[in-house]
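Enquirer: Take this structure, written in structure tokens, and hold onto it; I'll ask about it next.
Please treat every number below as a calculation from the coordinates, not as lab data. Keep in mind it's a predicted model, so treat the numbers as computed, not measured. No Cβ is skipped: glycine too gets one built from the backbone with ideal geometry, and neighbour counts run over all protein chains shown.
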Amino acid sequence: MHVGLNLPVMVPGLDRHAILEWSRRIDSGPFSSLCAGERVNFPNPEILVTLSAAAAVTERVKIVPTVFVVPLHPPVLLAKRIATLDVLSGGRVVLGVGVGAREDDFVAAGAVFDNKKFTRMQAHVALMRRIWAGVHIVAGADRPTEPLPMQLGGPEVLVGALAAPSIRRAASWADGITGFSFGPSADEVRFAWETARTAWRTAGREQGPRLTTSFWYALGPDARRQLDEYLCRYLNFMGAGAAGAIAPMVRTTSAAALRDALTMLADLGTDEVFLVPTTADPDDVHRVADIVA
């Protein structure tokens, strides 16, 4: 099982120095990927600009948006931006896509928040893949929409699917899924992986799904307080009391607990884990590296 590490983009106080320092340290550590998630109506840096900066100062790790909320974006522009990121990174992009659950992000972006988001996402990804394959999408145009990505046909696409219906719908067109587990919970992850493997077989896919997931962690003497403050800030869109209800589920607040969680996920056949930090301190990269190594 590979282990990637998110930039702490949802933590206050992240600046140029911290972003570049985290990126360089992740690239020089035992990590497989450098990741970042997307929010709009939130005090976090924009995902594509941030990952472009990370791509420019790294050479080895995969660059993984986890996830782009596809219905927030015009698909042609998003295809061009992802292709450009793939060029800048030298073909290291793995694309996580999702539909988003925060209505305020859609309002801020002027996008439609309804129950057809998954259908639109699937159609947008299909169009993006046509663009990445060099298909002319504008009649009479001299050239296709460029640049083409470094990876032939475009990057691997992982769908941010948590519920069984979404996982089954992804089986017809995605390369895998990228989940999230609060605990992380063995039962929850096992169910998702079994659902995905069955769905891929039912869809007649020769290759099984790539199975990736994420979870929050905190280390150090103030780990519990750090994690609880993070959850209270990040989950405020869910209303008062949400963070307090979820916090007891999140148990990765020590080196031993983090190690146990990684072992459990490896035993379940997870392909890659994207760890989500709850501090902007770059020294956290070394703390996690010691555990992962």
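Enquirer: Show me the ranking of peptides 230-240, 31-41 by mean Cβ neighbours inside 10 Å, starting with the highest. Spell out each step's value before the answer.
Expert: Working: 230-240: 15.1, 31-41: 22.6.
Packing proxy ranking, top to bottom: 31-41, 230-240.
Enquirer: Residue by residue, what Karplus-based ³J(HN,Hα) values in Hz, rounded to whole numbers, does region 68-82 have, using 6.51, -1.76 and 1.60 with θ = phi - 60° and x for Gly and Pro?
Expert: Values, residue by residue: 6, 7, 4, x, 7, 10, x, x, 5, 5, 5, 4, 5, 5, 5 Hz.
Enquirer: Something else about it: Run lengths n ≥ 4 of DSSP H only: what is the helix-derived mean residue ellipticity at 222 nm for the chain, with -39500 (n - 2.57) per run over all residues, to the nearest 500?
Expert: -13000 deg cm²/dmol
Enquirer: Go through 7, 68, 28 and say which Cα lies farthest out towards the positive end of the charge dipole of region 2-292; charges sit on Cβ, +1 for Lys and Arg, -1 for Asp and Glu.
Expert: Positive-most Cα among the choices belongs to 68.
Enquirer: Something else about it: Stick to the Cα atoms of the chain, pair each with every other, and give me the Kirkwood hydrodynamic radius in Å at one decimal.
Expert: So the Kirkwood estimate lands at 19.5 Å.
Enquirer: By how many degrees, 0 to 90 and rounded to 10, does the Cα axis of helix 16-28 deviate from the longest principal axis of the chain?
Expert: That helix lies at roughly 90 degrees to the long axis.
Enquirer: Explain nothing, just the number: dipole magnitude of the chain about its Cα centre with +1 on each Lys and Arg Cβ and -1 on each Asp and Glu Cβ, in debye rounded to the nearest 20. Before the final figure, lay out the partial values.
Expert: Values: 29 positive and 30 negative charges, 150 e Å.
Charge dipole of the chain: 720 debye, to the nearest 20.
Enquirer: Let me ask something additional. Using the number of other C-beta atoms within 10 angstrom as an exposure proxy, rank 291, 131 with the fewest first. Please list the in-between numbers first.
Expert: Values: 291 17, 131 23.
Result, fewest neighbours first: 291, 131.
Enquirer: Quick one: if you stick a label point 7 Å off each Cα along the C-beta vector at residue 187 and residue 115, how many nm between them?
Expert: About 2.8 nm, to one decimal.
Enquirer: Using alpha carbons only, how many degrees (0 to 90, rounded to 10) separate the axis of helix 186-202 from the longest principal axis of the chain?
Expert: Helix 186-202 sits roughly 20 degrees off the main axis of the chain.
Enquirer: Which shape class applies to region 1-141: rounded if a/c is under 1.5, otherwise prolate when a/b exceeds b/c and oblate if not, where a ≥ b ≥ c are the square roots of the Cα gyration tensor eigenvalues?
Expert: Note, shape of region 1-141 comes out oblate.
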